[in-house]
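Worksheet: the structure to be examined is printed underneath.
The values are calculated or read from the model by the stated rules, or taken from the named source; none is laboratory data. The shown structure was predicted, so the numbers you read here are calculated from the model rather than taken from an experiment. Neighbour counts are summed over all protein chains in view; Cβ atoms, including those assigned to glycine, are modelled from backbone coordinates with ideal geometry.
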Amino acid sequence: MAEVDGGNGPLRVGVFVCQCGLNIAGTVDCDSVAKFSEGLDDVVVVYNNKYTCSEPGQLEIRKAIEENDLNRVVIASCSPRMHEPTFRAALEAAGLNPYLLEMANLREHCSWVHIGEKDAATGKAKDLVKMAVARARRLEAQEEMVVPITQKAMVVGGGIAGIQAALDLADAGYKVYLIEKEPSIGGIMAQIDKTYPTMDCSI
Amino acid sequence: MADVGRHPNIELHAYSEVDAVSGYVGNFNVTVRKKARYVDVKECTACGDCEDVCPITAPDEFEIGLSTRKAIYQPFPQAVPSAYVLNIDECLGNNPIACGKCLEVCDKKCIDYDDKDELIHIEVGTVIVCIGMDVYDPTPLDEFGYTRHENVITSMEFERLINSGGPTQGHLIRLTDREQPKTVAFIQCVGSRDANRGNPYCSNFCCMNTVKDCLLIKDHYPDVDIKVFYMDIRAFGKGFEDLFQRSKDAGTIYIRGIPGEVEEDPETKSLKLYVENTTEGTMECHEADMVVLSIGAIPRKDSSTIQQLLTLQRSQDGFFLEAHPKLKPVDAATQGVFFAGCAESPKDIKDSVTQAGAAAARANRLMMQGKVKVEAITSTIIPDLCTSCGICVKVCPYNAISCDTKAKTPATVVEAACAGCGACSAECPFGAITMKHFTDVQIEAQIDAMLEVDAKDKVLAFACNWCSYSGGDLAGTNRFQYPPNTRLIRTMCSGRVDKRFVLRAFARGAPIVLLSGCHFADCHYINAVHWTQRRVEKLWDELEKKGIRPERLQLEWISAAEGQKFATVMRAVEELRQKVTAEEIEHTKKALAGVLEPRKPRAATKKATEQEAAAQEAA
């Protein structure tokens, strides 16, 4: 059983397999992946839902953590670049350190790129979940450092976009450094006569 | 523009460039180079006396060479700051025999021929990148005859000709005879939407710009005939279709088809346009006194400078890549950096203003809280294992590690300065550096889990979070299909991939291991990716010595924009995998069995490891 103590007693991993509607379930046999996950080390509960990122999906994660006393969470859904912040927040809401989450990318890296290869894609999905659980079992809680922010901004380029951004921030009360390469601000906009759709002058 | 000049909260540095950036979200230290202007901005009243006496004339950049300026000049009348600038390369200088006239007449004595570049240091919490775009140069599209035929001009040149502040005071004339043209032809999509010549993307604003130009001509000269040659008119914004209809009602003729050739009449200098009218299905020849090429946008030539300073990424078209195309359209992947305007993609004024507002709001959202949480993915030293060899100090791209190699005290990490690439951890010969959230044990557990069953059928690929992993995501969103044999392990940077991970994978029976990182210019961690390459090159030698084919370790650079390349690489590694024999794998497993044993405690191997460190240092 538990080789690693995460600081929360023996390892208790929860796996959430997301179908993402048919985005994942259309290619990957999610039932089979969920069943497979049940047999992985320290996995105490497995969910198989339609949309894990939805409000009910997130509530379910929170409930599952509380009810099953989970201390590691694996979510097999989309790219962590998409929803890692969402799920980290769900863990935090359930009182679990957000770094005790691991994701398996069954959508961008599996179902969407192996369309029509259900068996092979399901096999890969199982591997991805297995790898995620293996990693999750060794995850440790981390404390994020809070650093102060200098309440000043730099805008690089003084064309129409830079002018607008600088004015908005300056009006909001921030000190703004506007850096322009040319001797004057204005950019390409200043060279244009009238502008659409209003047909008035640019400067 | 004038509002910027007088706003109490805006410090404008015109004629300046960003020279260096260090730090991280909330705490960027920036060095700005204020280029020598040779005119004191604060003192200059833009009276123009200097310009009157300057004997030098040069093409006026603001007027795209359609008129001239002096060596000392104001870029344009409404310039902000309202001050002159001296082009020292054109100036004859202050040798009284040569010239020095401007200084003589300047009442304020604000001209200084010995002015020097000045470096200023600023500290900011957020950065908004709005470096804009360049325009496409249509000279290579020879069929249109730009620069060969004088009456073929670009849409930017047209802007200056129709502008009342321009060189002709807004009178539309031909460049050859200064006569008003009776017929004007516009050619659309010049340099845009052509994968072979120019650029494959749509430049967004050119259709509506031409619609606007047609209305301007018709307002000033109702009798001028206008023909617009187009492939599609994209009038998709609010009020745009209405404007398009107005230009048609005013008499503009729209012809679907891009001319294959523009020919000049040697005597009249008028032009003939040969075109396939794809609505009528006919070959036609149209005459025009003037042709305007509606040119598209290209990324700024100097984009790579700011890209490297702020560790940004660019998409395949060369414009800056946003953190997410739908959900974070103005955020850069680098926390605290935002995009607005054409730096991100070609767009018109309304969209630029909208995006600038969004970027300002995103920056405000960060700054107003006064503090920010930074990800806990940083390195920590295990003092007991550290031999104070100092390698990590050299590896760290952020100078976040310090170590007194003479005093032999363990290295220390400034956590706030550590960006979390993990190159130090991979390079440390003693296993004395742990990367939080990407520890050796965690990654080794993934390797072992993946290769536990049917290892021979699988390719292990390491992918960096910012580029290669995202390239894989893009392959997914674009549904680029590839064989299902690869399994990715994500690290923040490819520089984190310890050689022990690679050897472990081979020892566990992996037929092929792929390391994929970002292109050198895209590295999110300044230059950490260099360590990846160095390490892989050494590994190839090591594998060869052990009788393992080096081809079984692949190295690829895949950017976040290269979904297609990601899929191609995945297909290629699968082909390689099929060539690896079972005997080869067995041989490798035996040859590398030693790497599966845990690291020996330092005391037992101290001498050996110190020798290894010395050898590494020498290398």
(request) Can you tell me which residue among B:302, B:348, B:317, B:331 is among the charged types (D, E, K, R) and more than 13 Å from chain A (Cβ to nearest Cβ)? (result) B:317
(message) Within the range B:264-288, take every residue that is without any contact (Cβ under 8 Å) to a residue 60 or more places away in the chain and charged (D, E, K, R) and give me the one that is surrounded by the fewest Cβ atoms within 10 Å (Cβ to Cβ).
(response) B:267
(request) Could you run through the range B:7-30 and say how many residues are out of contact with any helix residue (DSSP H, G or I) (no Cβ under 9 Å at 6 or more places or on another chain) and within 11 Å of chain A (Cβ to nearest Cβ)? (result) 10
(message) Condition (residue is within 14 Å of another protein chain (Cβ to nearest Cβ), in contact with a Lys or Arg (Cβ under 9 Å, 6 or more places away or on another chain) and acidic (Asp, Glu)) applied to the range B:433-442: is it met by at least one residue?
(response) yes
(request) Please enumerate the residues belonging to the range B:438-464 that are at negative phi and surrounded by fewer than 19 Cβ atoms within 10 Å (Cβ to Cβ). (result) B:439, B:441, B:448, B:452, B:453, B:455, B:456, B:457
(request) Go through (1) out of contact with any helix residue (DSSP H, G or I) (no Cβ under 7 Å at 6 or more places or on another chain); (2) surrounded by fewer than 20 Cβ atoms within 10 Å (Cβ to Cβ); (3) away from chain A (no Cβ under 14 Å) and name the single condition residue B:91 misses. (result) (2)
(request) Would you point out the residue of the range B:31-50, among those that are closer than 18 Å to residue B:90 by Cβ and in contact with a Cys (Cβ under 8 Å, 6 or more places away or on another chain), that is nearest to the other protein chains (Cβ to nearest Cβ)? (result) B:39
(message) Checking residue B:115 against (1) in a loop (DSSP other than H, G, I, E, B); (2) touching a residue at least 12 places away in the same chain (Cβ under 8 Å); (3) under 21 Å from residue A:187 (Cβ atoms), only one condition comes out false. Which one?
(response) (3)
(request) Return yes when residue B:407 is in contact with a strand residue (DSSP E or B) (Cβ under 7 Å, 6 or more places away or on another chain), surrounded by fewer than 22 Cβ atoms within 10 Å (Cβ to Cβ), among the small types (Gly, Ala, Ser) and in a loop (DSSP other than H, G, I, E, B) and no when it is not. (result) no
(request) Give, as residue ranges, the strands (runs of 3 or more DSSP E) completely inside the range A:101-168 that count at least 2 residues that are within 7 Å of another protein chain (Cβ to nearest Cβ) and buried (at least 22 other Cβ atoms within 10 Å of the Cβ). (result) A:152-156
(message) Give me the strands (runs of 3 or more DSSP E) completely within the range B:330-389, filtered to those with at least 3 residues that are within 25 Å of the chain's Cα centre (by Cα), ordered by residue number.
(response) B:337-339
(request) Test each condition in (1) in a loop (DSSP other than H, G, I, E, B); (2) within 37 Å of the chain's Cα centre (by Cα) for residue B:108 and report the one that comes out false. (result) (2)
(request) Output the residue which, of all residues in the range B:503-553 that are among the basic types (Lys, Arg) and under 30 Å from residue B:304 (Cα atoms), is surrounded by the most Cβ atoms within 10 Å (Cβ to Cβ). (result) B:535
(request) Taking the residues in the range B:573-584 that are touching a residue at least 12 places away in the same chain (Cβ under 8 Å) and out of contact with any helix residue (DSSP H, G or I) (no Cβ under 9 Å at 6 or more places or on another chain) as candidates, determine which candidate is surrounded by the fewest Cβ atoms within 10 Å (Cβ to Cβ). (result) B:574
(request) Name every residue in the range A:183-203 that is at the interface with chain B (Cβ under 7 Å from one of its Cβ atoms), out of contact with any helix residue (DSSP H, G or I) (no Cβ under 9 Å at 6 or more places or on another chain) and either surrounded by fewer than 21 Cβ atoms within 10 Å (Cβ to Cβ) or of a type in the set (Phe, Trp, Tyr) (or both), in order of residue number. (result) none
(request) Would you please list the contacts, defined by Cβ atoms under 9 Å and residues six or more apart or on different chains, that run from a residue in the range B:548-563 that is not assigned by TED's automatic domain parsing to the domain that holds residue B:490 to a residue that is assigned to a strand (DSSP E or B) and surrounded by fewer than 24 Cβ atoms within 10 Å (Cβ to Cβ)? (result) none
(request) Looking only at the range A:77-100, decide whether some residue is more than 22 Å from residue B:463 (Cα to Cα), in contact (Cβ under 8 Å) with a residue 24 or more places away in the chain and either acidic (Asp, Glu) or touching a Ser or Thr at 6+ places or on another chain (Cβ under 7 Å) (or both). (result) no
(message) I'd like the full set of residues that are small (Gly, Ala, Ser) and surrounded by fewer than 20 Cβ atoms within 10 Å (Cβ to Cβ), limited to the range B:289-316.
(response) B:304, B:315
(message) I'm trying to understand the selection: among the residues of the range B:265-279, which are among the basic types (Lys, Arg) and either closer than 17 Å to residue B:177 by Cβ or part of a loop (DSSP other than H, G, I, E, B) (or both)?
(response) B:269
(request) Mind listing whichever residues of the range B:280-318 are outside any strand (DSSP E or B) and under 30 Å from residue B:162 (Cα atoms)? (result) B:289, B:296, B:300, B:301, B:302
(request) Mind listing whichever residues of the range B:79-88 are surrounded by fewer than 17 Cβ atoms within 10 Å (Cβ to Cβ) and closer than 21 Å to residue B:7 by Cα? (result) B:82
(request) Go through the range B:1-23 and give me each residue that's out of contact with any Lys or Arg (no Cβ under 9 Å at 6 or more places or on another chain), within 19 Å of residue A:168 (Cα to Cα) and in contact (Cβ under 8 Å) with a residue 60 or more places away in the chain. (result) B:1, B:2, B:4, B:5, B:12
(message) Any residue that is within 14 Å of chain B (Cβ to nearest Cβ) and out of contact with any helix residue (DSSP H, G or I) (no Cβ under 8 Å at 6 or more places or on another chain) - is there at least one of those in the range A:57-76?
(response) no
(request) For residues that are over 39 Å from the mean Cα position of the chain (by Cα) and among the aliphatic types (A, V, I, L, M), tally how many sit in the range B:266-287. (result) 1
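Listed here are the residues, each with its yes/no results for (1) within 14 Å of chain A (Cβ to nearest Cβ); (2) charged (D, E, K, R); (3) surrounded by fewer than 22 Cβ atoms within 10 Å (Cβ to Cβ).
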site: B:105; (1), (2), (3): no, no, yes
site: B:114; (1), (2), (3): no, yes, yes
site: B:128; (1), (2), (3): yes, no, no
site: B:164; (1), (2), (3): yes, no, yes
